[in-house]
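*Asks:* Below is the structure I would like to discuss, written out as structure tokens.
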Amino acid sequence: MRIIVSGGGTGGHIYPAITLINNIKKLVPDAEFLYVGTKKGLEADIIPREKIPFATLEISGFERHLTMKNFAVLGKALGSMVKARQIVKSFKPDVAVGTGGYVCGPILMASALMGVPALIQEQNAIPGVTNKILAKFVNKIAVGYERAAKHFSAEKTVFTGNPIRDDILLSTRDEGLMEFSLDPSKKTVLVSGGSRGAHSINKAMLEVHKHFANNYRVQIMHVTGKTEYDFVIDGLEKMGIDWQKTDNLSVYPYLYDMPKALAAADIAVFRAGATSLAELTARGVPSVLIPYPFAAENHQEFNARELEKNGASKVILNKDLTGEKLIKTLEEMLSSENKLQEMAEASRNMGKPNAAQTIAEMIVDLARNKR
């Protein structure tokens, strides 16, 4: 069985693709894969490290208003369609899979037009433009949120949830507490604005650290992002906080073992990317979500509102975020153990821990039923 996979630009498109590949290998151990991405996206670094055969297309997104740049982008898009067709013709896939990003467009379109069964995985509550176009040509659409299904053909669409890494579920709370030397008698608040960090969250967190320093109930794990680490450390020093001498504050530029950190968390303060929310709900972690305001189609706010509507999260818009507001929200959540447990249960009820297996089975069925 030969499977072509495409997804690029951000880890939110790449890691779900890798998870699907690993789950397909469990079903079809001798399956062959080709991953198609771009030279400039994170996939150019991540996929070769995973020892997955890798091919590239040159493509980028259109500006949302008419500019000269769009003519250059259009030229690249037309060229990428020609190369995509060559890649499909050479690899001869039994099925094609897209997990998001502009690069999916040419490779999925070429596959579908050449008679190759195709599946797209839409991770967000509001679908992106690329997937809306591809939906008319592919055979199956796996959506991460029920809300997204209304944008697609009912006959093609399956609500699966979003795929998550196996180790998200395998890590235990005790392992997480031990890994980070945390106090099991305290509530753990995990804060992260993503691998690159989020300045607005880090700025608000300075006041949060000051408020909770040496608190006997709460311990904070703050992942700043590598480029924001010095800003946070300098800010704490200016506020007179020696965080290394407190018994409940930890500051990291990056965490290489996020699964264990999630396993230890009682509350998460996160952005609202689809993959992060899939991991939070699979673990049943209540959250404070601050959606990234410049995400395409404002999809992060729609993602976050889905969790808020179900009682799993509290949402603070980026424009409204202050240290005072974040402190108040955390204190409200921490003030009632029953309320926190209700939020945890609501989060867990939204989780789809078997999403990767379900989507992998759909992909294998498409390949086996190829006409």
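*Asks:* So is Phe137 open to solvent by 70 Å² or more (accessible area, probe 1.4 Å) and at pLDDT 95 or above or not?
*Replies:* For Phe137, the condition - open to solvent by 70 Å² or more (accessible area, probe 1.4 Å) and at pLDDT 95 or above - is not met.
*Asks:* Inside region 34-55, can you point out the residues that are more than 16 Å from Ala96 (Cβ to Cβ) and either free of Cβ contacts under 8 Å to residues at least 12 places away in the same chain or in contact with an Asp or Glu (Cβ under 9 Å, 6 or more places away or on another chain) (or both)?
*Replies:* Across region 34-55, the qualifying residues are Thr38, Lys39, Lys40, Asp45, Pro48, Arg49, Lys51.
*Asks:* Given the criteria within 17 Å of Ala198 (Cα to Cα) and either assigned to a strand (DSSP E or B) or in contact (Cβ under 8 Å) with a residue 12 or more places away in the chain (or both), does Ala268 qualify?
*Replies:* In short, yes.
*Asks:* Let me ask something else. Just the residues that are farther than 19 Å from Ile316 by Cα and either in contact with a Pro (Cβ under 7 Å, 6 or more places away or on another chain) or not charged (D, E, K, R) (or both), please, taken from region 328-346.
*Replies:* Ser336, Asn338, Gln341
*Asks:* What number of residues within region 285-302 are open to solvent by 60 Å² or more (accessible area, probe 1.4 Å) and in a loop (DSSP other than H, G, I, E, B)?
*Replies:* Total meeting the criteria: 2.
*Asks:* Any residue in region 99-127 that is farther than 21 Å from Lys40 by Cα sitting within a Cβ distance under 6 Å of a residue that is open to solvent by 10 Å² or more (accessible area, probe 1.4 Å) and assigned to a strand (DSSP E or B)? List the pairs, counting only those 6 or more apart or interchain.
*Replies:* Short answer, once both residue conditions are applied: Leu119/Lys140.
*Asks:* Also: Given (1) at pLDDT below 85; (2) surrounded by 14 or more Cβ atoms within 10 Å (Cβ to Cβ); (3) closer than 27 Å to Val143 by Cα, identify the lone condition not met by Glu43.
*Replies:* Every listed condition holds for Glu43 apart from (1).
*Asks:* How many residues does region 303-357 contain that are in a loop (DSSP other than H, G, I, E, B), in contact with a strand residue (DSSP E or B) (Cβ under 9 Å, 6 or more places away or on another chain) and either closer than 18 Å to Lys187 by Cα or modelled with pLDDT under 95 (or both)?
*Replies:* 2
*Asks:* I'd like the full set of residues that are within 21 Å of Arg196 (Cα to Cα), touching a strand residue (DSSP E or B) at 6+ places or on another chain (Cβ under 6 Å) and at pLDDT 90 or above, limited to region 8-36.
*Replies:* Of everything in region 8-36, just one residue is within 21 Å of Arg196 (Cα to Cα), touching a strand residue (DSSP E or B) at 6+ places or on another chain (Cβ under 6 Å) and at pLDDT 90 or above, namely Ala17.
*Asks:* Looking at region 15-35, can you tell me whether even one residue there is touching a Leu at 6+ places or on another chain (Cβ under 8 Å) and buried (at least 20 other Cβ atoms within 10 Å of the Cβ)?
*Replies:* No, because not a single residue in region 15-35 is touching a Leu at 6+ places or on another chain (Cβ under 8 Å) and buried (at least 20 other Cβ atoms within 10 Å of the Cβ).
*Asks:* Only one of (1) in contact with a strand residue (DSSP E or B) (Cβ under 8 Å, 6 or more places away or on another chain); (2) touching a residue at least 24 places away in the same chain (Cβ under 8 Å) fails for Glu297. Which number is that?
*Replies:* All conditions pass for Glu297, except number (1).
The values are calculated or read from the model by the stated rules, or taken from the named source; none is laboratory data. Remember, it's a predicted structure, so these values are computed and weren't measured experimentally. As a convention, Cβ positions derive from the backbone with ideal geometry for all residues, glycine included, and neighbour counts pool all protein chains shown. These area figures cover heavy atoms from the full protein model, side chains too; ligands, DNA and RNA do not enter into them. Shrake-Rupley method; radii C 1.70, N 1.55, O 1.52, S 1.80 Å.
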